[in-house]
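As structure tokens, the structure follows; a few thoughts come after it.
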Amino acid sequence: MIEPYRGVPGPVVVGGRPAPVATGRVGREAGGSAGGGRSGAVGGKTHGTATVSRNVNNSEARDVDVVVIGAGQAGLSGAYHLRRVGLRPDTGFVVLDHAPAPGGAWQFRWPSLTYGKVHGLHALPGMELTGADDERPSSEVIGGYFTRYEDAFGLRVHRPVHVRAVREGAGGRLLVETSEGPYAARALINATGTWDRPFHPRYPGQETFGGRQLHTARYPGPEAFAGLRVIVVGGGASGTQHVLEIAEVAAGTTWVTRRPPVFREGPFGEAQGRAAVALVEERVRKGLPPESVVSVTGLPLNDAIRRARERGVLDRLPMFDRITPEGVAWDDGRTVEADVILWATGFRAAIGHLAPLKLREPGGGIALDGTRAVRDERVHLVGYGPSASTIGANRAGRAAVREIRRLLDRGPAARGGGERRPVDQPAGQRAGEPAVVPG
């Protein structure tokens, strides 16, 4: 379930037990998401008439062809392409965003993450980002860009709107339950990203720590750590940047990672990018939880990182075994005292609102064929798995709309059909066949 937005998520803990959002024993680092023209017509068929129907709970739901959940890079890409094929905002499709302003997750990034430090941002389809000041906070630059984009293409994003659940509705539609009332949709583009689900690893003694614990999602910038002893956990892009910044003002920094970070010399070529995406795609096809594309690309080795390595700032330690009131400890007897533990341990996909549809595979993830959920062809996940990068989100938005257009052209009775199966039914078992229950 997506809870009401309360600013940047994730707990800040001072000498107490953290309230988890996504938890686990061992942290996996993050490694690092119109034009229209015709009046609501797609493929010669009329779409986009605003109507009201009764849902399964006999309450009124607003009928739309497509609901887009999320207005970050992936959601805006999907909305743009829906406009391109002729669907009208608010009647043919609706974009729901629970953030208070345009900008997706970028609006919550820390002030010291200036635009010049952003790695690999690709423009949204149909409008370039030009003239940006590299010294301005990325939250301001990208927030302004997204605002202009929404206005230019008339996307009419509804915000803040909180999507509570998506479930089976009446007449083959999906019932999308939101804070502004229910929608009955023929198809869904889910573009909720990961920012709302920071991952908090669990270690023995964590509740005893007498200092402050916080996650990247609440990182305020380096100034807050002046004169303190800080442990940064996580070997991704965010963890690396945190160490570099905090080391300039802290009394001491200790970098702890689950595995040695991999730094990449030279540019990341197109062939390497395709290979990295293919690794993530393979996991998603198997129904396994996706790993980020960045986690398989390595970290770019720039001048700042080279200088930090020469000074020993980026000397890392393996993961500790437990947390103590004073800091952390390893089983070999080594200890490090600290005032702050900063968890740069990444995020997980924010898809709890899709749980009523039972899309997950036994492996724990949602299996996709392209962007389409294997268990329900009405549902497309954009910005999930291989499309989590900004360029991947753009391409996935276009691909999702192409398939949704075909679905809409088949008529109002289009359903998940043969692709939809019970959650406990193996991929090779046909719909309607009895499941084999071990004796």
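Residue pairs whose Cβ atoms lie under 6 Å apart, separated by 6 or more positions or on different chains, with the first residue in segment 296-321 and among the β-branched types (Val, Ile, Thr) and the second in a helix (DSSP H, G or I) and surrounded by fewer than 17 Cβ atoms within 10 Å (Cβ to Cβ), are 296/279. The set of residues in segment 125-157 that are surrounded by fewer than 18 Cβ atoms within 10 Å (Cβ to Cβ), closer than 29 Å to residue 179 by Cα and touching a strand residue (DSSP E or B) at 6+ places or on another chain (Cβ under 8 Å) comprises 154, 156. Among the residues examined, residue 378 qualifies as within 26 Å of residue 172 (Cβ to Cβ) and either touching a strand residue (DSSP E or B) at 6+ places or on another chain (Cβ under 7 Å) or not aliphatic (A, V, I, L, M) (or both). In this structure, does residue 165 turn out to be in the same structural domain as residue 379 (by TED's automatic domain parsing), at pLDDT 95 or above and either over 19 Å from the mean Cα position of the chain (by Cα) or outside any loop (DSSP other than H, G, I, E, B) (or both)? Yes: the conditions hold for residue 165.
Here is a yes/no grid of residues against (1) of a type in the set (Val, Ile, Thr); (2) at pLDDT 50 or above; (3) farther than 24 Å from residue 396 by Cβ:
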| site | (1), (2), (3) |
| --- | --- |
| 43 | no, no, no |
| 53 | no, yes, yes |
| 77 | no, yes, no |
| 93 | no, yes, no |
| 104 | no, yes, no |
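Between 287, 266, 235, which is modelled with pLDDT under 90, buried (at least 17 other Cβ atoms within 10 Å of the Cβ) and either in a loop (DSSP other than H, G, I, E, B) or of a type in the set (Asp, Glu) (or both)? Result of the check over 287, 266, 235: 287.
With among the aliphatic types (A, V, I, L, M) and closer than 30 Å to residue 164 by Cβ as the only criterion, which of 317, 299, 359 stands out?
Working: 317 fails: closer than 30 Å to residue 164 by Cβ; 299 fails: closer than 30 Å to residue 164 by Cβ.
Just one listed residue meets the conditions, 359.
Which of the following residues is within 16 Å of the chain's Cα centre (by Cα) and of a type in the set (Lys, Arg): 360, 398, 405, 348?
Working: 360 fails: within 16 Å of the chain's Cα centre (by Cα); 398 fails: within 16 Å of the chain's Cα centre (by Cα); 405 fails: within 16 Å of the chain's Cα centre (by Cα).
Of the residues listed, the single one that is within 16 Å of the chain's Cα centre (by Cα) and of a type in the set (Lys, Arg) is 348.
The values are calculated or read from the model by the stated rules, or taken from the named source; none is laboratory data. Quantities reported herein were computed from a predicted structural model and do not represent experimental measurements. Backbone-built Cβ (ideal geometry, glycine too); neighbour counts: all protein chains shown.
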